[in-house]
1. Can you find, within region 52-65, the residue that is modelled with the lowest pLDDT among those that are touching a Leu at 6+ places or on another chain (Cβ under 9 Å) and either surrounded by fewer than 24 Cβ atoms within 10 Å (Cβ to Cβ) or not in a helix (DSSP H, G or I) (or both)?
2. Output the qualifying pairs, or none if there are none: Cβ atoms under 8 angstrom, residues six or more apart or on different chains, first residue in region 142-171 and under 14 Å from LEU261 (Cβ atoms), second residue at pLDDT below 80 and surrounded by fewer than 20 Cβ atoms within 10 Å (Cβ to Cβ).
3. Could you list, in sequence order, the residues of region 142-171 that are surrounded by fewer than 19 Cβ atoms within 10 Å (Cβ to Cβ) and either closer than 18 Å to ILE11 by Cβ or under 18 Å from the mean Cα position of the chain (by Cα) (or both)?
4. Look through PHE272, PHE248, PHE279 and report the one residue that is touching a residue at least 12 places away in the same chain (Cβ under 8 Å), out of contact with any strand residue (DSSP E or B) (no Cβ under 8 Å at 6 or more places or on another chain) and within 28 Å of SER61 (Cβ to Cβ).
5. When MET22 is evaluated against the numbered criteria (1) surrounded by fewer than 17 Cβ atoms within 10 Å (Cβ to Cβ); (2) at pLDDT 80 or above, which criterion, by number, is the only one it fails?
6. In region 333-364, what residues are open to solvent by 10 Å² or more (accessible area, probe 1.4 Å) and either at positive phi or polar (S, T, N, Q) (or both)?
7. For SER247, all conditions in the list (1) surrounded by 17 or more Cβ atoms within 10 Å (Cβ to Cβ); (2) small (Gly, Ala, Ser); (3) more than 20 Å from the chain's Cα centre (by Cα); (4) under 24 Å from LEU382 (Cβ atoms) hold save one; what is the number of the exception?
8. Restricting to region 270-292, count the residues that are within 19 Å of HIS135 (Cβ to Cβ) and either among the basic types (Lys, Arg) or in a helix (DSSP H, G or I) (or both).
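The values are calculated or read from the model by the stated rules, or taken from the named source; none is laboratory data. Small disclaimer: the values here were computed from a predicted structure and weren't measured. Cβ placement follows ideal geometry from the backbone for every residue including glycine, while neighbour counts extend to all protein chains displayed. Each accessible area value is taken on the protein alone, full model and side chains, heavy atoms only, with ligands, DNA and RNA left out. Shrake-Rupley method; radii C 1.70, N 1.55, O 1.52, S 1.80 Å.
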Amino acid sequence: MKENKNWKKQIALFLISQNLSMFGSSVVGFSIVWYITVTTESGFWITLSTLATLIPQVLVSLWAGVFADRYNKKTIIMLADGFTALATLLAFVAFHYGFANLSFLIFIACLRSVGGGFQAPAVNALYPEIVPREHLLRINGINQMANNVLLLLSPAAGGAILGMFGMQWTFLVDLLTAVIAIAIMFRLKIVTRAADRSDSSVLKELREGVRYTWSQPLLRVMLVCYAVTFVLITPAAFLSPLMVVRSFGSEVWKLTANEMLWSLGALLGGAFVAWKGEFKNKITMIAVSLAVFGCTFALMGLSRVFWVYLIFDCICGMFVPVLIASETVLIQTNTEKGYMGRVFALLQFVSQGMMPIAILGFGPLSDLVRIESIMIGCGLLLICRIESIMIGCGLLLICWSLYFKKAAGRALCSI
């Protein structure tokens, strides 16, 4: 830290850069989901788009962690942003010339996911190198607050552009913000610590990272917690737009309100974390946040009036920054810097890897039963957490087999 006395200015510019990048990505991300939801109203296509968003990140995340520990994190972040911008430019050109179909949109989502998979571990691993330890929670809280200001705006921007001009123009927003973000990062004077491991193979470093993470009791428990939690939050994260369309109507403003109220809650939660500055017991805050998620998921599923649903949506969002900031700082302050990138990548691998598995069950299940019932069930299981995960997985497997059995029957009847 002595090497960088001007850390406040550096972190301010870094936060601006990454939040601009996130804003553009969010506009496109929301627009893709809404475009597919309104066009198809199908759990199958929602499942495909979710897999396209998550699986590429899962496949590259572990390697991205090794690169974040081995190479310059600033360069990795810039390259990842640039790759995502090129994918977005390709989408704009294709849609401009009339090549606009769902399969191509899924392909673009895959490319964008690869860029995000390399960017996330490098970003999380960079914070401890430019922020003093005692300010990590406050900076993470400020970042969460900024994230959610932009997440509050991005659904409105995405909905307005999608509704007035069409899908292709949302891509330009992401392209512009990515270029600005890269320009800011390029000018930052951040000296990241990259170990010289030219004599070590990537696979060996990957194994070392997994071995280190599993050898630490706290990190091992967090891995299990991540796996359980991300299975059970999958319906709320990816099926809520479909639930809104089916239960409350397909107007774009309702999809926008669904995202904006979540983001408004998260903004308030981020402001609380930034004001608080420090939690004495971060593990307790994590447990409380998960319990609130479970309660609000169940209440969202029970809601029959849209504004009541939005209230619970907002309350749920308030605890997202509390959970993320507590978990992130807990990892950042209990991990050796030489393993930081790989630890975050492994946690990303587990969390993002569980969600495609979960959506393979929940997506088809949403075409068989009401999504409200899924939300209620996952909320109750989340309150019970680890003790109930085996029951939840068993039910998913049963419902999945019933779905494909039913699908096969329809196919035979059509022959």
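1. Narrowing region 52-65 to residues touching a Leu at 6+ places or on another chain (Cβ under 9 Å): 52, 56, 61-63, 65.
With the extra rule that they be either surrounded by fewer than 24 Cβ atoms within 10 Å (Cβ to Cβ) or not in a helix (DSSP H, G or I) (or both), the set shrinks to 52, 56, 62-63.
Working: ALA52: 85, PRO56: 88, LEU62: 78, TRP63: 83.
Among those residues, the one meeting the criterion is LEU62.
2. GLY159/VAL252
3. VAL149, LEU153 - these are the residues of region 142-171 that are surrounded by fewer than 19 Cβ atoms within 10 Å (Cβ to Cβ) and either closer than 18 Å to ILE11 by Cβ or under 18 Å from the mean Cα position of the chain (by Cα) (or both).
4. Working: PHE272 fails: within 28 Å of SER61 (Cβ to Cβ); PHE248 fails: within 28 Å of SER61 (Cβ to Cβ).
None of the other options fit; the residue is PHE279.
5. (1)
6. Within region 333-364, THR333, ASN334, THR335, GLN348, GLN352 qualify.
7. Only one criterion in (1) surrounded by 17 or more Cβ atoms within 10 Å (Cβ to Cβ); (2) small (Gly, Ala, Ser); (3) more than 20 Å from the chain's Cα centre (by Cα); (4) under 24 Å from LEU382 (Cβ atoms) is unmet by SER247, namely (1).
8. 10
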